[in-house]
Amino acid sequence: MGDLLFNFTEWLRNTPLNDLALSIGESAPTLWIGEHFYAIPIFQVIHILAISASFASVLMINARMLNLAGHSSLEDTTARYLRVIWWSLAVLILSGALMIIGEPIRELINAVFWVKMILFVTAVLFTIWFHKGMAKRFAGKAQASAGAKLAGVVLVVLWCMIMTGGRWIAYNPG
Amino acid sequence: MSFYPEPTNIWESIEYSSLGITIAESTWMFPTIETIHVIALVTVIGTIALVDLRLIGVKGHALRVSQLAKDTLPWTWGAFALAAITGLLLFVSKASSYMINPWFLAKLAMLALAGLNMMYFHMTTWRAVDHWELDPTFPAAAKVAGWLSLVFWLVVVFCGRMIGFTLGIFF
């Protein structure tokens, strides 16, 4: 696994992404962030808080679908927490973009970062599918279908993998 | 033969224990425990924030705050236990570095304040939640507890991130 990530990072170094990361690294915003010690930790805190909101919302939808929390209708619970998920995803993308601008080489020339991005896009597409498909059929129902429950669990696993990727960006071999 | 010096205080004794050395010398243990710690902390903060936001007046739904708390609390406590265990394991591996790091000490202080705030709130205002949760606005004490909790946990996260940037620079 370490070798695979190392080779992937080496490959990234030989793509146009390397020039892009270098040019971002010389831009005024990156230089400004580099001169302000607290900028990156603050972006990271915003990023973590946005993940907290997303992940807690995914957990609450799951808890309701799996009957571990039953104080609100399935339709209301899903609608309420999906709203939180979409807003926090917007904050997540913005704070993530600031972190890339702040440390372009560390992020863009990093195999784990791209694995995280693939997982993130998958989670977003999965959430859209859940929102537009599964959740639309919750109206008037007391129980979620087996498919919806499975989709919910998959989302929890995906978010755990995204957070794992986020932490392991710092430990990427290469 | 041990490559580690004789411990001169309790923190070094913890750090040079077999558990501390095992975690510190492993290439994967520290990041793995750290990852579980982050996932647990994210769950704690996310679920607590849902209740805090309700307390300070962010409605968005008709759910009673006591019901919301019942839904979230099992997740909060489960995740908190996991965060505490993993946090302790991370601490053991670098105990002496953590104990001289002001951000780590500030994080501990903030955790204590968040705990005290929650305890005080539950022993006072929360006892009468059945009487005020249907009111259009919550008592000032509930709002203050919600705001304090949000601020304390925000600072916990900030201190936690700052530890990562400063560990090992203090002697």
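Brief remarks on what is shown
- Debye, to nearest 20: dipole size of region B:1-83, +1 on Lys, Arg Cβ, -1 on Asp, Glu Cβ: 800 debye
- In sequence order, region B:107-123 has phi-based couplings of 4, 4, 4, 5, 4, 5, 5, 4, x, 5, 4, 5, 4, 4, 4, 5, 8 Hz under the Karplus curve 6.51 cos²θ - 1.76 cosθ + 1.60, θ = phi - 60°, and Gly or Pro positions carry x.
- Principal axis box of region B:104-151, alpha-carbon based, largest edge first, Å: 40, 18, 11
- Measuring spread by the Cα atoms of region A:1-84 yields a radius of gyration and Dmax of 20.7, 54 Å.
- With K and R counted +1 and D and E -1, the other residues having a Cβ less than 15 Å from that of A:L59 yield a net charge of +3.
- Three principal axis extents describe the C-alpha atoms of region B:1-99; from largest down they are 65, 26, 17 Å.
- Charge context of A:A144, other residues only, Cβ under 11 angstrom, K/R +1, D/E -1: +3
- Counting other Cβ atoms within 10 Å as a rough exposure proxy, the listed residues A:Y38, B:Y98, A:Y171 run A:Y38, A:Y171, B:Y98 from fewest neighbours to most.
- Net charge dipole size for chain A [Lys, Arg +1 and Asp, Glu -1 on Cβ; Debye, nearest 20]: 960 debye
- Projecting the Cα atoms of B:G57, B:F104, B:S18 onto the dipole axis of region B:11-113, where Lys and Arg carry +1 and Asp and Glu carry -1 at the beta carbon, places B:G57 farthest toward the positive end.
- For region A:50-132, average projected area of the Cα convex hull in nm²: 5.8 nm²
- Cα shape, region A:31-174, gyration tensor, a/c 1.5 rule: prolate
- Partner chain coverage, peptide A:66-73 - average Cβ within 10 angstrom: 4
- The average projected area of chain B, computed from the convex hull of its Cα atoms over all directions, is 11.3 nm².
- The Rg/Rh ratio of the protein assembly as shown, with both radii computed over alpha carbons and Rh defined as the Kirkwood radius, is 0.99.
- Shape of region B:74-120, Cα gyration tensor, a/c cut at 1.5: oblate
- Peptide A:80-88 has a mean of 2 when you count, residue by residue, the C-beta atoms of other protein chains within 10 Å of its C-beta.
- Neighbouring partner chain Cβ atoms per residue of A:46-56, average, 10 Å criterion: 6
- C-alpha center-to-center spacing [region A:1-57, region B:126-140] in angstrom: 45 Å
We did not get these values from a lab; they are worked out from the coordinates using the rules stated. Just so you know, these numbers come straight off a predicted model, no measurement behind them. For neighbour counting, all protein chains shown are included, and Cβ atoms are generated from backbone atoms with ideal geometry for every residue, glycine included.
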